[in-house]
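Notes for the one structure printed next.
The values are calculated or read from the model by the stated rules, or taken from the named source; none is laboratory data. Note that this is a predicted model, so its numbers are computed, not measured. Heads up, the Cβs are rebuilt from the backbone with ideal geometry, glycines too, and the neighbour counts pull from every protein chain shown. Quick note on the areas: whole protein, heavy atoms, side chains included, nothing else; ligands and nucleic acids left out. Shrake-Rupley method; radii C 1.70, N 1.55, O 1.52, S 1.80 Å.
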Amino acid sequence: MMERGIPTDKYGVLEQKEVFDINDEALENFRRCGYTIFDTGKSKKEVDEVKVEFDDLLKRYQTIIGVEKLKLCNEHNTIRAVLLFDINRIFLNIALNPVLIRFVEKIIKGRFILNQQNGIINPAREPYNQGKWHRDLPYQHFVTTSPIAINALYCVDDFTVENGATYILPSSHLHEEMPSPNYIKNNAIQISAKAGQYILIDSMTFHCGGFNGTLYPRRAINHVFTIPFLKQQIKIPGNIYEESLSCQEKRILGFGLEEIQSVDDYIRQRLQRISV
């Protein structure tokens, strides 16, 4: 009797990609499809700690900025520059997770920086600003042979079909234009993931949040890592205490890449590099 399922036999194949572990599989999926689910092995205690810290951060952020002001500009479901309000280094550690950083190093060639870290709330039973198809390099219609920007969407809560898990349009990072509505309808997929996992997305892959039909908000922390030529959404150096940061952490957070104010400063910086 013939076995059912996806065939594994082949002929006429001279080359095939080899993968040796789960990280290799994730990397292959990312490069071909424009996304993957990535697990750094966080414990339940760590995952639960983030949930509590997220809610505390949201309250402090809304108090500092003002809820009415945030609603006026449709920013009430977003926490901008999370790490700038991070008291216990919980969110900085999520951004600089060593396993995550090693993965990003395999994707972006050369130096990269944390361009942004934003908290995202998908509210219960109402539309929100991430519920529209977009790229995280918006208004851009080009493709590159190697990624120049990567989303690392940390799941504070489980991402499920019911609570509006992220929709992805696979391989759309390989094409300049956005596909037709019917193509999107027939090819978009919804990504379920567990709390504590990251959904990694090529920033040129079209994606959007789904409708949250549950009674509870779905929370996430979105990171965008980019090549240094793309300026940070909100400047990190100068707005965060650097005394406790390692050299590698400063490098990822964009220290030393601030906009140069004069020719003298430029020459001075060049001379410093020579002397190192």
Legend entry - Close pairs (7 angstrom Cβ cut-off, 6 or more residues apart or separate chains): in contact (Cβ under 8 Å) with a residue 40 or more places away in the chain and surrounded by fewer than 10 Cβ atoms within 10 Å (Cβ to Cβ) in the stretch 4-33, among the charged types (D, E, K, R) and assigned to a loop (DSSP other than H, G, I, E, B) anywhere: none
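Give the stretch 68-98 a look and list any residue that's among the β-branched types (Val, Ile, Thr) and modelled with pLDDT under 95, or say none.
Of the residues in the stretch 68-98, the ones among the β-branched types (Val, Ile, Thr) are 78-79, 82, 87, 90, 94.
Result: Ile87, single match.
State yes or no: is Val99 of a type in the set (A, V, I, L, M) and either in contact with an Asp or Glu (Cβ under 9 Å, 6 or more places away or on another chain) or open to solvent by 80 Å² or more (accessible area, probe 1.4 Å) (or both)? I'd like the intermediate steps shown before the answer.
Values: of a type in the set (A, V, I, L, M): yes; either in contact with an Asp or Glu (Cβ under 9 Å, 6 or more places away or on another chain) or open to solvent by 80 Å² or more (accessible area, probe 1.4 Å) (or both): yes.
Spelling it out, Val99 is indeed of a type in the set (A, V, I, L, M) and either in contact with an Asp or Glu (Cβ under 9 Å, 6 or more places away or on another chain) or open to solvent by 80 Å² or more (accessible area, probe 1.4 Å) (or both).
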Inset, instruction - Count, please, the residues in the stretch 157-174 that happen to be more than 27 Å from Glu53 (Cβ to Cβ) and either open to solvent by 40 Å² or more (accessible area, probe 1.4 Å) or among the polar types (S, T, N, Q) (or both). - result: 4
Legend entry - Residue match in the stretch 136-149 (condition: out of contact with any Leu (no Cβ under 9 Å at 6 or more places or on another chain) and either over 19 Å from Ile227 (Cβ atoms) or among the acidic types (Asp, Glu) (or both)): yes
Inset, instruction - Among the residues of the stretch 89-142, write down those that are touching a strand residue (DSSP E or B) at 6+ places or on another chain (Cβ under 7 Å), in a loop (DSSP other than H, G, I, E, B) and within 19 Å of Lys59 (Cβ to Cβ). - result: Tyr128
Inset, instruction - Report yes if Ile191 is among the β-branched types (Val, Ile, Thr) and within 16 Å of Ala165 (Cα to Cα), otherwise no. - result: yes
Inset, instruction - Determine whether Asn118 is open to solvent by less than 60 Å² (accessible area, probe 1.4 Å), under 25 Å from Tyr241 (Cβ atoms) and touching a helix residue (DSSP H, G or I) at 6+ places or on another chain (Cβ under 9 Å). - result: yes
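Restricting to the stretch 65-88, give me the number of residues that are among the charged types (D, E, K, R) and not in a loop (DSSP other than H, G, I, E, B).
The first filter runs over the stretch 65-88 and keeps only residues among the charged types (D, E, K, R), leaving 68-69, 71, 75, 80, 86.
Within this subset, residues satisfying the condition of being not in a loop (DSSP other than H, G, I, E, B) are 68-69, 71.
So the answer is 3.
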Legend entry - Residue tally, condition out of contact with any helix residue (DSSP H, G or I) (no Cβ under 8 Å at 6 or more places or on another chain) and surrounded by 18 or more Cβ atoms within 10 Å (Cβ to Cβ), over the stretch 189-202: 5
Inset, instruction - Could you check how many residues of the stretch 230-276 are in a loop (DSSP other than H, G, I, E, B), open to solvent by 100 Å² or more (accessible area, probe 1.4 Å) and more than 28 Å from Phe85 (Cβ to Cβ)? - result: 1
Legend entry - Test: Thr145 is surrounded by fewer than 16 Cβ atoms within 10 Å (Cβ to Cβ), without any contact (Cβ under 8 Å) to a residue 12 or more places away in the chain and out of contact with any strand residue (DSSP E or B) (no Cβ under 7 Å at 6 or more places or on another chain): yes
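Restricting to the stretch 208-229, name every residue that is in a loop (DSSP other than H, G, I, E, B), surrounded by fewer than 19 Cβ atoms within 10 Å (Cβ to Cβ) and within 19 Å of the chain's Cα centre (by Cα). Give the steps one after another, and end with the answer.
Filtering the stretch 208-229 down to residues in a loop (DSSP other than H, G, I, E, B) leaves 209-217, 227-229.
Subsequent filtering for residues that are surrounded by fewer than 19 Cβ atoms within 10 Å (Cβ to Cβ) retains 211, 213-216, 227-229.
Listed by number, the residues that qualify are Ile227, Pro228, Phe229.
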Inset, instruction - Mind counting the residues in the stretch 150-207 that are under 15 Å from the mean Cα position of the chain (by Cα), more than 29 Å from Gly110 (Cβ to Cβ) and of a type in the set (Val, Ile, Thr)? - result: 1
Inset, instruction - Just name the residue that is farthest from Asp158 (Cα to Cα) out of those in the stretch 34-45 that are surrounded by 10 or more Cβ atoms within 10 Å (Cβ to Cβ) and at pLDDT 95 or above. - result: Gly34
